[in-house]
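What follows draws every value from the coordinates through simple rules; no lab data is involved. Note that the structure is predicted; figures quoted are calculated from it, not measured. Don't worry about glycine lacking a Cβ; one is built from the backbone with ideal geometry, like all the others, and counts go over all protein chains shown.
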Amino acid sequence: MKKIIALLLLALAVVSCQKKEEPAPQSQFPAGPVQSGPLQNETVMLKDVLKNDPKNLGAWIKLGNTLMDAGRFGEAVDAYQKALALDPKNVDVRVDMGTCYKNSGRPDMAVKEYRKAIELDPRHLNAHRNLGVVLANELKDKAGAVKEFEKYLELAPNAPDAATIRSIIQQLKAGK
């Protein structure tokens with residue numbers, strides 16, 4: 001039964017790690033998606049943009065997202081930290097950075113970022129769901145996980161993954 005919970009939570013973590021839409025670029029960062037091609041080309045282009053315009057919030061976010069999608073979580077955290085230095089209240093960046101911390105084996109930092117995101121936006125669905133995943137899987141805090149999953153369902157009772165979340169809550173409450 002523990003394997004089932006772990007698989008369900010893993011599936012949730014993967015689903016929550018989807019690409020995000022960034023806010024409109026704030027300077028010379030090109031509009032629209034980055035040119036298709038290998039990750040190296042994208043990161044080189046973004047780093048060139050940032051060399052010339054280090055306060056380009058859109059480029060920092062895009063670099064973080066690109067690195068996260070490539071599984072380069074430590075580098076993504078660095079990019080997200082630069083974005084947060086420019087916009088400390090960017091909840092989506094905090095949630096993505098939390099996911100990078102989780103995926104790089106730092107669940108304590110993930111929890112910290114998810115809680116900051118919830119403090120800034122108590123209705124942020126991914127922050128609640130992702131916090132529940134980390135509390136359940138990495139930190140083995142079943143009660144805390146149930147609380148976050150229940151808040152998620154309170155905010156989005158008809159979410160596409162609502163049935164899965166309800167099942168996870170039942171299993172956590174049953175001590176499995």
*Evaluated at 37 °C with a viscosity of 0.692 mPa s, what Stokes-Einstein diffusion coefficient in µm²/s does the stretch 45-159 have when Rh comes from the Kirkwood expression over alpha-carbon pairs?*
228 µm²/s
*Pairs of lysine in the stretch 61-166 with Cα under 25 Å and at least 8 positions apart or on different chains: total?*
29
*For the stretch 125-159, run through the trypsin sites (Lys or Arg not before Pro) and keep only the ones in DSSP coil with at most 15 other Cβ atoms within 10 Å of their Cβ.*
Lys140
*the stretch 51-152: relative contact order in percent, alpha carbon pairs under 8 Å with at least 6 residues between*: 18 percent
